[in-house]
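Reading through the structure tokens given below for one structure.
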Amino acid sequence: MNLSLKIFLFFILLLQFILIIYTIKSRKISMRYGSFWIFILVLMCIAIIFPNIFINISSLFGFETTSNMLFLFGFFFLFYIIFILTISLSKQQAIIKILIQELSILKAKIEKKDI
């Protein structure tokens, strides 16, 4: 990997880091999810600085090419994100159900008193 490509990739990662920090500060995402993305950015920086690490890991696990290993890791990463978002969505649906039930009970009590 030549130096100009490394500089360009670091610049892109820096922009992504700024975007993540901005979204955390503006409370568009929680620190929990933001820290996960920052961790991924750190891994990407390590991959840019030391590309031989991934080449050695892919040969250790028996992958034909490093790109195959990266695609597989990317697939597992996306699967993990979908799993975490599904858990979060399920929790929110349960909370919304409870809030709707409480609101309905309060409405029924208010309507009884108005009659």
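No lab work stands behind these numbers, since they all come straight from the coordinates. A quick note: this is a predicted structure, and the numbers were derived from the prediction, not measured. So basically every Cβ, Gly included, is an ideal-geometry build from the backbone, and we count neighbours across all protein chains shown.
Here are a few things to note about the model shown:
- Of the DSSP H helices in the chain, those whose Cα atoms cover at least 27 Å axially and whose Kyte score averages 1.6 or more: 3-25
- For the range 67-115, convex hull of alpha carbons as volume per residue, Å³: 38 Å³
- Spherically averaged projected area of the convex hull of Cα atoms, the chain: 10.4 nm².
- Shape category assigned to the range 1-49 from the gyration tensor of Cα positions, a/c cut at 1.5: oblate
- Other-chain or far-sequence residues with amide H under 5 Å of Phe63's (modelled H): none
- Along the axis of the charge dipole computed for the chain (Cβ charges of +1 for Lys and Arg, -1 for Asp and Glu, origin at the Cα centre), the listed residues Ile49, Leu60, Leu106 are led at the positive end by Leu106.
- Dipole moment magnitude, nearest 20 debye, the chain about Cα centre, only Lys, Arg, Asp, Glu C-beta charged: 640 debye
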